[in-house]
Amino acid sequence: MSILILSWEYAPNIIGGLGKHVTELTEAMGGGCRGQEQFDIHVLTPAAAGAPAREDRGNRLHIHRVDLSPPEEGDFFDRNVASNAQLAQAARELALEIDFELIHVHDWLPATAGLELMHDWRIPLVATVHATEHGRYMGHLHTELSHKIHDLESRLCREAWKVIVCSYFMRDSLMRIFDLDSEVLDVIPNGINIHPPQARDQAREQQLRQLYAQHGEFLLLFVGRPTHEKGLHVLLDAMGLIAETQPDTRLLVAGRDSRKQIMAVQQRGLAGKVDLLDYVDDVTRNCLLRVANAAVFPSLYEPFGIVALEAMAAGCPVVVSDVGGLSEVVEHEVTGLTVYPDDPRSICWAVEHIRGKPDQARIRAHRATRVVRDQFNWDRITRRARYTYRTLIDYSSRVPA
């Protein structure tokens, strides 16, 4: 039984949480778990530098990377539509040899290809919506491009047989924004790979500790892109306040393009207090999470917040904004601390709380690690995804062509 996955991001081309989610989900689905129904997973994704055009990972996971050459004219949306036509054609060529029974698209970028193939092949389409244009811009769609993306997201949600979201916050958002019925929506959270303790790189951790906390500095860590909705500017404002009363506090910022925030750091007088690390690989990120005294995620908009899960899995105390999916992942004063969104003083309070009551912080961190292992493992999540696939495939077999 073959499933076609369409995603604009896939390892090694991972820009954010979407690419990581699709990669790890399909690896778990293709690897199979004891007692679960098996599917052949075929991922169709744009070509990535240094990655093979065809990659087989075991018998059930197959990645097909397609060279796309959209025209130079037109805006980003128009070029995307042209790329989708090429992606759809590549899918049709695959379908000459493979009998696909379901299509699964991730977000709007491959949506036009997925919708076209659904209608041509008359098979179910599942759409995972990781975020919305409406949410990213807090409901303010000021440009023609934003309106085009919003309209395509609406069409995708209305025409898909089932829409998967990662949190109840996203479910409620889609019901409100696109006027969807709750029956079309499945809430399946993101998951992460849980690494055993022996996988730790303790030498690297010690190296990072010497580099950033040689004199016992209290380390805060932010992981993510420096976009407005991730709230890095709020954390920098908080650091300005924290530095006045806790001058030994140091903030590490790990994320693609974070070094572009050098002016924001200097304008706040935080030179020497904030280190902009830019992109770090997963191994370095995990080491940083074990070295840091706390990880802070002050998002203004967050459908889920997989970075919070990664911090919790590493045993790092977490501070998150009380918004979106973060509120569902972190329980205040149980598995972490939640703070008011867009409120630097609230972040200051949380940092002082962790510093002043380290034993409580450690207890919360241990509890959080157990929650991640129990609730956000891929075995649990793939069971739910497989159930969605099987339900739709069974239903489609009873619907006249």
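Here, each number is a calculation from the coordinates, and none is a lab measurement. On a predicted model such as this, the values are computed, not experimentally measured, just so you know. All Cβ positions, even for glycine, are placed from backbone atoms using ideal geometry, and neighbour counts span all protein chains on display.
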- Item | Mean ellipticity per residue at 222 nm, deg cm²/dmol - from DSSP H runs of n ≥ 4 across the chain, formula -39500 (n - 2.57) | -14000 deg cm²/dmol
- Message: Out of the chymotrypsin sites (Phe, Trp or Tyr not before Pro) in region 248-324, which ones are loop residues according to DSSP with at most 16 other C-beta atoms within 10 Å?
- Response: Tyr279
- Task: With only alpha-carbon atoms counted, please give the Rg and Dmax of region 197-375, in Å.
- Result: 14.8, 44
- Query: When only Cα pairs under 8 Å and 6 or more residues apart are kept, what is the percent relative contact order across the chain?
  - Reply: 13 percent
- Long-range amide H partners of Phe218, meaning residues 5 or more apart or on another chain whose placed amide H is closer than 5 Å, are Thr249, Arg250
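If each residue's Cβ is checked for other Cβ atoms within 10 Å, how do His104, His215, His353 rank with the fewest at the top?
By the 10 Å Cβ count, ascending: His215, His353, His104.
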- Query: Taking amide hydrogens as modeled 1.01 Å from N in the peptide plane, which residues meet the under 5 Å criterion relative to Leu102, leaving out close sequence neighbours?
  - Reply: Leu4
- Query: What residues have an amide H closer than 5 Å to that of Gly325, excluding those fewer than 5 places away on the same chain, when H is modeled at 1.01 Å from N in the peptide plane?
  - Reply: Glu302, Phe304
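Starting from the Cα gyration tensor of the chain, take the square roots of the eigenvalues, sort them a ≥ b ≥ c, and report rounded, prolate or oblate (rounded when a/c is under 1.5, otherwise prolate if a/b is larger than b/c, else oblate). List each step's numbers first, then the result.
On the way: a/c = 1.88, a/b = 1.68, b/c = 1.11.
Here the chain falls in the prolate category.
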- Here the relative contact order (percent) of region 197-375, from C-alpha pairs under 8 Å and at least 6 apart, is 21 percent
- Query: So, in Å, what gap is there between the alpha-carbon centers of region 102-153 and region 172-201?
  - Reply: 17 Å
- Query: What list of ³J(HN,Hα) values in whole Hz, one per residue of region 38-53 in order, does the Karplus curve 6.51 cos²θ - 1.76 cosθ + 1.60 (θ = phi - 60°) give from phi, with Gly and Pro shown as x?
  - Reply: 9, 10, 8, 9, 10, 9, 10, 8, x, 4, 10, 4, x, 9, x, 5
- Note on the structure: Gyration tensor on Cα atoms of region 147-226, a ≥ b ≥ c root eigenvalues, a/c under 1.5 rounded, else prolate if a/b beats b/c, else oblate, says prolate
- region 278-312 and region 339-401 have their Cα centres apart by a whole-number Å value of 13 Å
- Query: Which loop-located trypsin sites (Lys or Arg not before Pro) does region 148-214 contain, where loop means any DSSP state but H, G, I, E or B and the Cβ has at most 15 other Cβ atoms within 10 Å?
  - Reply: Arg200
- Message: What do you get for GluC sites (Glu not before Pro) in region 90-124 restricted to DSSP loop and a cutoff of at most 11 other Cβ within 10 Å of the site's Cβ?
- Response: Glu97
- Note on the structure: Yeah, region 1-99 with a ≥ b ≥ c from its alpha-carbon gyration tensor (a/c under 1.5 is rounded, else prolate when a/b outruns b/c, oblate otherwise) is prolate
